[in-house]
1. Residues of segment 86-115 with backbone nitrogen within less than 20 Å of a virtual label 7 Å along the Cα-to-Cβ line of Phe47, please, listed as ranges.
2. Across segment 37-115, what fraction of all alpha-carbon pairs, as a whole percent, falls in each successive 10 Å bin from zero upward?
3. Quick check: pseudo-label points 7 Å beyond the Cα along Cα→Cβ at Gln114 and Leu96, how many nm apart are they?
Amino acid sequence: MAIPTVAAANAYAALAKMGNDTASIANGLGTGLGTGLGTPQGSGPNFSAVLKTVIDSVSDAAHKSDTQAQAVANGKANMVDVVTAVAETETAVQTLVSVRDKVIAAYEDILKMQI
């Protein structure tokens, strides 16, 4: 099955947007770190706000893929749109799981530190 050029360009644009969102979130995490416990140095977003934003983004991607799947079932959408939406959701979930694993590893490292 050949993918139309416009659909492929839209998929690449969506992927680039997700990359830009991830980079801005990572930059926000870097600026919000403080020098002491509980004392943020910059005016960057706090961790819970960034985490909520990421989870909402993953939820929105999942909702979009569900909506596209239902539209195909009703004969109102193109299969390429569904595949693109599912791929975006899969990428978002894999990114979220990767971040979760890194947070858990960092927490375990902190627990191993001697006082």
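1. The answer is 95-115, whose backbone nitrogens lie closer than 20 Å to the label point.
2. Cα pair-distance distribution for segment 37-115, in percent: 17, 30, 26, 16, 9, 3, 0.
3. It works out to 4.0 nm between the two label points.
Readers should treat all values here as calculations from the given coordinates under stated rules, not as data from a laboratory. Note that the structure is a prediction, hence the values are computed from the model and not measured. Because the Cβ atoms are built from the backbone with ideal geometry, glycine has one as well, and the counts that use them run over all protein chains shown.
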